[in-house]
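Here's the structure, in structure tokens; my notes come after.
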């Protein structure tokens, strides 16, 4: 059975099983799954359950005051800003959805992030989209328990240089249940990696 057929079967079983159980007009016994069908069903059910990695996101949930620092170039002074981020656990704690509001160059700025852990890939991930872009940024990474740091790697298209991609390294360090820091590094072409943004989040009291 190829991957497409496995996926189709798994989705069909996942949606059909609860419906069959609720259908009181169903006569006779439900068709018995084969061993392979049962294995696929069990694998999908297991991959969909929240795990310890998801419980770990609890420290990110809440309302946060955000102090932002941005570097436009290595020889220019950084720009300081402030914002607020509201993060909530969604879908049974499988994800954390964060809504950021602040100002950039005097204009209102809004953005939304989704943080999670993919049980099948065994990777943490984060996505981001905002009111000053038409792009969706997505990155995957790992968590280091010793330093309490998430490290994500992604890339984004550079509008200033069509056809080129900027590599991104994103760190989220958990200082405590009431503070964490996001650091953003970019590599453009052959230039060395440069830190372009840092946001320090402190829990609003």
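The table below gives the values:
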{"read-out": "Options 169, 203, 188; residue that is farther than 15 Å from residue 69 by Cα, more than 17 Å from the chain's Cα centre (by Cα) and crowded, with 16+ Cβ neighbours inside 10 Å", "value": "188"}
{"read-out": "Search result, residues across region 147-160 that are more than 21 Å from the chain's Cα centre (by Cα) and either part of a strand (DSSP E or B) or free of Cβ contacts under 8 Å to residues at least 24 places away in the same chain (or both)", "value": "159, 160"}
{"read-out": "Condition met for residue 78 (at pLDDT below 95, touching a strand residue (DSSP E or B) at 6+ places or on another chain (Cβ under 7 Å) and either within 27 Å of residue 188 (Cα to Cα) or outside the structural domain of residue 175 (by TED's automatic domain parsing) (or both))", "value": "yes"}
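The values are calculated or read from the model by the stated rules, or taken from the named source; none is laboratory data. Just so it is clear, the structure is predicted and the values come from calculations on it, not from any experiment. Using ideal geometry, Cβ is built from the backbone for each residue, glycine included, and neighbour counts are taken over all protein chains shown.
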